[in-house]
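Visitor: Take this structure first; my questions come after.
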Amino acid sequence: MALNENERKILDVIREDPFISQQSLAETIQLSRSAAANIISGLVKKGYLLGKAYVINEERPVVCIGAANIDNRYIVQDDLIRNTSNKVQATSSLGGVARNIAENLGRLGEHVDLISVVGNDDDWKRIKDHSKYFIGLSSVTVLDNQATGNFIEIIGKKQEILIGLSDMSIYDCLNLELINKHLEKIQRAKCVIVDLNCSKETIEFLQAFTARYNIELILITVSTQKMVNLPDRLDGITLITKHDEMEDKFQRPVQTDQELKKMVQLVLNKGAKQVMISKDSDKVVYGNYESIQIFENPQYSKGRYEWGQNEALCGAMVYANFHQYEELGYDSIQVGLINAYLTLDCLQIVRPDLTPDKLKKDIVNYPITGRKI
């Protein structure tokens, strides 16, 4: 369960001084003793503290590494007319692939930490004010001389992308020097998820590091431009990507089911443990060493925009891996896909009603089965 600000403050103080008195603890965070006692009791019930001795349950986190930015979208209401103004519907939301995945996991009650870089500006304040309830942000580096990442999309009235614009230069700072400052946290992770806003050099280092400590590594792509950061070898990793990104990267068609199958096989031949390729919002092809399956969206509506699909898939899939959904008759891929397709249906980056109980109900109400290809 996600922590609120006072809960996080209390845990931070206890980490510094496990033997602090309750009165001193209350004074440090400027609360009454009774309020501090209630919070401590809540932390015990949630499992963050073990008993009255303030022993912290240091659960291994999921670590997400990559972008945290603002997404701005402008949906053209009529046919786009160039060289003049057009009527649009404007939306703005928190974004960044790594941040979106982290929020999915946080809403599901998972202990998740984000490693990213942001500017010391109003966009970061907006991201922080929302995300702090779901995501550990202590490893986000704030830079005074950089602007928080921004992404702009112009979308046609049929929800097709007309043009995308991005200012992601800040992620050049998400380099090996910065990653080295967080190796202790990464080493403790039970899973590491990296988006391709990180450099190829950084990702290859994380490949070697996670392999050394037997930590699951998931790579998730972000755009055709950032496919240059995909390592040449994918040994042992899970790759989550889109068909158009793979089409651009490998200069071969990825449209039909058979073409999707061949692309999955290509990735597996590069050493990947498993791979998921989404084809717009209508289907996802999944493959591992045993089989390749296709999962079609039972609620598919042609032209629906893919807001947050792969991030939702990744977050719920990772969560399901740790919570024995197979005992309910569903594997983690199915759980991830249900969250992905329902995220498409709500047209928000992260489902605002996502909880562990809601997800359990969803897998009963929205069954998804695959077929081998």
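Visitor: Where the only charges are on Cβ atoms (+1 Lys, Arg; -1 Asp, Glu), what is the dipole of the chain about its Cα centre, to the nearest 20 debye?
Guide: The calculated dipole for the chain is roughly 560 debye.
Visitor: Something else: Say each of residue 161 and residue 93 gets a label point 7 Å from the Cα, pointing the same way as Cα to Cβ; how far apart are those two points in nm?
Guide: 1.5
Visitor: Would you calculate, for the chain, the mean residue ellipticity at 222 nm contributed by helices, counting each DSSP H stretch of 4 or more residues as -39,500 (n - 2.57) and dividing by all residues, to the nearest 500?
Guide: -11000 deg cm²/dmol
Visitor: So, one more: Tell me, how many Å apart are the Cα centres for segment 114-187 and for segment 249-299?
Guide: A separation of 28 Å, based on Cα centres.
Visitor: Relative to the present Cα-Cα distance, how much length would full extension add between residue 30 and residue 177 at 0.36 nm per residue of separation?
Guide: Extra length available between residue 30 and residue 177 comes to 49.3 nm.
Visitor: In addition: What residue among 67, 312, 37 has the largest mean-square fluctuation in a Gaussian network model of the chain, using Cα springs under 10 Å?
Guide: 37
Visitor: Another question, if that's okay. Please check: in the Gaussian network model of the chain (C-alpha springs, under 10 Å), which one of 278, 332, 85 has the largest mean-square fluctuation.
Guide: Its mean-square fluctuation being the largest, the pick is 85.
Visitor: What pairs from 132/279; 9/185; 128/273; 128/181; 157/358 go past 29 Å between their alpha carbons?
Guide: 132/279; 128/273; 157/358
Visitor: Okay, next question. Tell me which chymotrypsin sites (Phe, Trp or Tyr not before Pro) from segment 231-290 have a DSSP coil assignment and no more than 16 other beta carbons within 10 Å of their own.
Guide: Passing sites in segment 231-290 are 289.
Visitor: Turning to a different aspect of this structure: How about residue 200: which lysines have a C-alpha closer than 17 Å to its C-alpha, ignoring those fewer than 8 places off in the same chain?
Guide: Residue 200 reaches 226, 249, 270.
Visitor: If the viscosity is 1.002 mPa s and the temperature 20 °C, what translational diffusion coefficient in µm²/s does Stokes-Einstein give for the chain when Rh comes from Kirkwood over Cα pairs?
Guide: Roughly 99 µm²/s, to the nearest whole number.
Visitor: Taking a probe of 1.4 Å, how large is the accessible area per residue of the chain, in Å²?
Guide: I get 47 Å² per residue for the chain.
Visitor: Residue-wise, which Karplus ³J(HN,Hα) couplings in Hz belong to segment 191-197, taking 6.51 cos²θ - 1.76 cosθ + 1.60, θ = phi - 60°, and x for glycine or proline?
Guide: Each residue's phi maps through the Karplus curve to give 7, 10, 10, 10, 9, 7, 6 Hz.
Visitor: Using a Gaussian network model on the chain with a 10 Å cutoff between Cα atoms, which of 80, 313, 114 fluctuates the most?
Guide: Highest fluctuation among the options: 80.
Visitor: Amide H of residue 155: which non-local residues (sequence gap of 5 or more, or other chain) have their own amide H closer than 5 Å, using H built in the peptide plane?
Guide: Counting only residues 5 or more places away or on other chains, the set is 74, 75, 76, 162.
Visitor: Additional query: Quick one: compute a quarter of the convex hull surface over the Cα atoms of segment 20-124 and quote it in nm².
Guide: Hull-based average projected area comes out at 11.0 nm².
Visitor: How many percent of the accessible area of the chain is carbon or sulfur, using a 1.4 Å probe?
Guide: About 46 percent, which is the carbon plus sulfur part of the accessible surface.
Visitor: Another question about this same structure. Determine the relative contact order of the chain: mean sequence separation of Cα pairs under 8 Å and six or more apart, normalised by residue count, in whole percent.
Guide: This gives 13 percent for the chain.
Visitor: Radius of gyration and Dmax for segment 209-330's Cα atoms, expressed in Å?
Guide: Both quantities, over Cα of segment 209-330: 14.5, 44 Å.
The values are calculated or read from the model by the stated rules, or taken from the named source; none is laboratory data. Computed from a predicted structure; not experimentally measured. Here Cβ is always computed from backbone atoms with ideal geometry, including for glycine, and neighbour counts include all displayed protein chains. All accessible areas refer to the heavy atoms of the entire protein, side chains included, with ligands and DNA or RNA removed. Shrake-Rupley method; radii C 1.70, N 1.55, O 1.52, S 1.80 Å.
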